[in-house]
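The values are calculated or read from the model by the stated rules, or taken from the named source; none is laboratory data. A quick note: this is a predicted structure, and the numbers were derived from the prediction, not measured. Here Cβ is always computed from backbone atoms with ideal geometry, including for glycine, and neighbour counts include all displayed protein chains.
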Amino acid sequence: MTEAVRIGRSPHLKPLQRPTRRDDEAIAAAIERAGVTRFAARKLTTLSGGELQRVQIAVALAQDAPVLMADEPTSHLDLGATVAVAQLLRSLADEGLAVMLVAHDLSLAAAVADTVVVMSRGSTVAAGPPLETLDHARLADVWGVDASVQASGHHTALHVAWLGGPGSRADGN
């Protein structure tokens, strides 16, 4: 697993250059920061989806870039792994790293993001704080569903009228 994270240092190395002490320190820091120290001796093929996603974040952190871009980082993960990755991304943002998250999971976006940008048909239709941006009217307009995002303390939920109702796609509108 450590060798995979070492790939993140590639932009800092010239052709045929060996990693320096600074590179080794950056790799160790990325492994620690991503919380994957306990996986360091394991092969990637033995990691779960959530563990692998955290290693991929460590690879990105090893680059020392000012922005971490995460495209659907919780796709295909179970609930526990999704929460762990969300907590990691939020903690990285809280530490001052700019985190750009692309997500179709609106409850995840509402829970993790400081600012949400809603795209529809290739254009930005709204941007701002999650609960203001993901309001009932916008969810109906953009996604054609009767839904709302709600937050209480550290809990965020997307409430959806799954089986139809007025204005939902399930009733043919």
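Quick one: what pairs do we get from segment 114-142, first residue over 26 Å from Leu89 (Cα atoms), second of a type in the set (A, V, I, L, M, F, W, C) and loosely packed, with under 12 Cβ neighbours inside 10 Å, C-beta under 6 Å, 6+ apart or different chains?
none
Arg33 passes all but one of (1) within 23 Å of Val99 (Cα to Cα); (2) without any contact (Cβ under 8 Å) to a residue 40 or more places away in the chain; (3) in contact with a helix residue (DSSP H, G or I) (Cβ under 7 Å, 6 or more places away or on another chain); which number fails?
If we test Arg33 against (1) within 23 Å of Val99 (Cα to Cα); (2) without any contact (Cβ under 8 Å) to a residue 40 or more places away in the chain; (3) in contact with a helix residue (DSSP H, G or I) (Cβ under 7 Å, 6 or more places away or on another chain), just (2) comes out false.
Can you pull out every residue in segment 57-86 that is surrounded by 15 or more Cβ atoms within 10 Å (Cβ to Cβ), in contact (Cβ under 8 Å) with a residue 12 or more places away in the chain and part of a helix (DSSP H, G or I)?
Within segment 57-86, Ile57, Ala58, Val59, Ala60, Leu61, Ala62, Ala81, Thr82, Ala84, Val85, Ala86 qualify.
Pick out the one residue from Ala60, Ala113 that is closer than 21 Å to Ile7 by Cα and of a type in the set (Gly, Ala, Ser).
That would be Ala60, the only listed residue that is closer than 21 Å to Ile7 by Cα and of a type in the set (Gly, Ala, Ser).
May I ask you to verify whether Asp105 is surrounded by 13 or more Cβ atoms within 10 Å (Cβ to Cβ) and either small (Gly, Ala, Ser) or farther than 21 Å from Val59 by Cα (or both)?
Working: surrounded by 13 or more Cβ atoms within 10 Å (Cβ to Cβ): yes; either small (Gly, Ala, Ser) or farther than 21 Å from Val59 by Cα (or both): yes.
So Asp105 passes the test.
Pull up segment 21-40, narrow it to residues that are surrounded by fewer than 19 Cβ atoms within 10 Å (Cβ to Cβ) and small (Gly, Ala, Ser), then point me to the one that is modelled with the lowest pLDDT.
So, considering only residues that are surrounded by fewer than 19 Cβ atoms within 10 Å (Cβ to Cβ) and small (Gly, Ala, Ser), the one modelled with the lowest pLDDT is Ala40.
Could you tell me which numbered condition Ala170 fails, if it satisfies all but one of (1) farther than 13 Å from Ala110 by Cα; (2) modelled with pLDDT of 95 or more?
If we test Ala170 against (1) farther than 13 Å from Ala110 by Cα; (2) modelled with pLDDT of 95 or more, just (2) comes out false.
I need the full set of residues from segment 3-41 which are part of a helix (DSSP H, G or I) and of a type in the set (A, V, I, L, M), in order please.
Listed by number, the residues that qualify are Ala4, Val5, Ile7, Ala26, Ile27, Ala28, Ala29, Ala30, Ile31.
Give segment 61-71 a look and list any residue that's of a type in the set (A, V, I, L, M), in contact with a helix residue (DSSP H, G or I) (Cβ under 9 Å, 6 or more places away or on another chain) and within 12 Å of Leu97 (Cα to Cα), or say none. Steps first, please.
Filtering segment 61-71 for residues of a type in the set (A, V, I, L, M) gives 61-62, 65, 67-70.
Those still in the list that are in contact with a helix residue (DSSP H, G or I) (Cβ under 9 Å, 6 or more places away or on another chain) too: 61-62, 65, 68-70.
Selection gives Leu61, Ala65, Leu68, Met69.
Confirm whether Ala4 is in contact with a helix residue (DSSP H, G or I) (Cβ under 9 Å, 6 or more places away or on another chain) and either within 25 Å of Met100 (Cα to Cα) or acidic (Asp, Glu) (or both).
yes
For segment 41-53, give me the residue count where each residue is surrounded by 13 or more Cβ atoms within 10 Å (Cβ to Cβ) and either more than 16 Å from Gly80 (Cβ to Cβ) or more than 15 Å from the chain's Cα centre (by Cα) (or both).
4
So for segment 145-156 (the condition being out of contact with any His (no Cβ under 6 Å at 6 or more places or on another chain) and under 25 Å from Glu32 (Cβ atoms)), does at least one residue qualify?
Taking every residue of segment 145-156 in turn, at least one turns out to be out of contact with any His (no Cβ under 6 Å at 6 or more places or on another chain) and under 25 Å from Glu32 (Cβ atoms).
Would you confirm, using the coordinates I've provided, whether Arg9 is touching a residue at least 12 places away in the same chain (Cβ under 8 Å) and surrounded by 15 or more Cβ atoms within 10 Å (Cβ to Cβ)?
yes
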